[in-house]
Amino acid sequence: MRRILHLSDLHYGKADANLEAPLLRAVAKLRPDLVVISGDFTQRARRRQFRQAADFLSRIEAPVLSVPGNHDTPIDNLFRRFITPFHRYKRHINKVLEPCVEDAEMQVVGVNTVNRFSWQRGRFSGRTVRRVCNAFAGRAGKLKVVVVHHPLEHGPTVEKRLMRGASAALSALSDCRADVVLSGHLHTASAAPFTAAPGLLFVQAGTGLSTRLREATNNFNVLDVEGGRVSVTTWGAQGAEFEPGDSATYARRAAGWERVAGEAEVSARPRMASA
């Protein structure tokens, strides 16, 4: 069994300081094998905001895999944005923009979808697709996870433009047998197979700490993976703590991922410390 805790869009500079300690307590209680953060650590890529984000990361005991978001590059300094857009991210968060984590049961590949020439709209290049698919080659039997900031598919109510290359990337990732895509950017949480690629499970995290809410509460996702099934639970801020909310289990079938009736709330349970 593997547990992935999926955070996104912390937005230091617009973060709710009262939620930081409860979020860290929840992460510690859930004891994930990996914490994934899919971008937007900061609001305006200021040094102080990155220092705050780095301090938050230093208090997570589990391994962390992160990718940058569009807010992690300067919006009001065009020279820095075009010439050294990720300098502060690399200094404070991670020198590697597209990290990978692999163990006996899963492989997780990060993708930097930030487009320095377009503030909101990301980019997923053909070269990046080939890199990800090459990384997954020969990994049959492992859960193969892709982490991006910008979603590869938008619902009908989303007003933001879909990132460049999204449709081609989605098709190629499905062809090379990726299993799950984790993303952020929209500040809304959801989990379901992609409409255009039902063989890929689309897991979207809301915002962990930002005061710029598009949902009722700040939240994050927990993915529990076991025996070819993935259970996804959204944990939301309730008063002074984060508590489990909506949960669903998905099983891979011949036609793609399918929701399994009657098997929710699997990942709502904290892990017990081993003896």
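The values are calculated or read from the model by the stated rules, or taken from the named source; none is laboratory data. This is a predicted model, so every value here is computed, not measured. Counting neighbours? That spans all protein chains shown, and the Cβs are built from the backbone with ideal geometry, glycine included. Protein only, heavy atoms only, side chains kept; ligands, DNA and RNA dropped before computing areas. Shrake-Rupley method; radii C 1.70, N 1.55, O 1.52, S 1.80 Å.
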Checklist entry - Pairs under 6 Å by beta carbon, first residue more than 13 Å from LEU223 (Cβ to Cβ) in segment 181-195, partner open to solvent by 10 Å² or more (accessible area, probe 1.4 Å) and in a loop (DSSP other than H, G, I, E, B), six or more apart or different chains? => result HIS187/ARG214; THR188/ARG214; THR188/GLU215; PHE194/GLU153
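For every residue, the table says whether it meets (1) surrounded by 20 or more Cβ atoms within 10 Å (Cβ to Cβ); (2) modelled with pLDDT under 95.
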{"site": "ALA53", "(1), (2)": "yes, no"}
{"site": "SER66", "(1), (2)": "yes, no"}
{"site": "GLY69", "(1), (2)": "yes, no"}
{"site": "ILE83", "(1), (2)": "no, yes"}
{"site": "TYR89", "(1), (2)": "yes, no"}
{"site": "ASN94", "(1), (2)": "yes, no"}
{"site": "TRP119", "(1), (2)": "no, yes"}
{"site": "ARG123", "(1), (2)": "no, no"}
{"site": "ARG131", "(1), (2)": "no, no"}
Checklist outcome for this item: Of the residues in segment 176-210 that are out of contact with any strand residue (DSSP E or B) (no Cβ under 7 Å at 6 or more places or on another chain) and among the polar types (S, T, N, Q), the one that is least open to solvent (accessible area, probe 1.4 Å) is THR207
Item to check | Unmet requirement for PRO193, which otherwise passes all of (1) farther than 20 Å from ALA251 by Cα; (2) within 19 Å of the chain's Cα centre (by Cα) | outcome: (1)
Next on the checklist: Looking at ARG3, ARG48, can you tell me which residue is out of contact with any Gly (no Cβ under 7 Å at 6 or more places or on another chain), open to solvent by 60 Å² or more (accessible area, probe 1.4 Å) and modelled with pLDDT of 95 or more?
Outcome noted: ARG48
Item to check | Failed item in (1) without any contact (Cβ under 8 Å) to a residue 12 or more places away in the chain; (2) of a type outside the set (A, V, I, L, M); (3) in contact with an Asp or Glu (Cβ under 7 Å, 6 or more places away or on another chain), with PHE79 passing the rest | outcome: (3)
Checklist entry - Somewhere in segment 20-35, is a residue closer than 22 Å to THR211 by Cβ, in contact (Cβ under 8 Å) with a residue 40 or more places away in the chain, out of contact with any Leu (no Cβ under 7 Å at 6 or more places or on another chain) and open to solvent by 60 Å² or more (accessible area, probe 1.4 Å)? => result yes
Next on the checklist: When you check ARG139 against the structure, is it modelled with pLDDT under 95, closer than 26 Å to ARG3 by Cβ and in a loop (DSSP other than H, G, I, E, B), yes or no?
Outcome noted: yes
Next on the checklist: Give all pairs with beta carbons closer than 9 Å in which a residue from segment 246-258 that is in a strand (DSSP E or B) meets a residue that is open to solvent by less than 90 Å² (accessible area, probe 1.4 Å) and among the basic types (Lys, Arg); count only pairs at least 6 apart in sequence or on separate chains.
Outcome noted: THR249/ARG229; TYR250/ARG229; ALA251/ARG229; ARG252/ARG229; GLU258/ARG252
Next on the checklist: Name the residue that is surrounded by the fewest Cβ atoms within 10 Å (Cβ to Cβ), counting only residues in segment 136-175 that are within 20 Å of VAL35 (Cβ to Cβ) and among the aliphatic types (A, V, I, L, M).
Outcome noted: LEU143
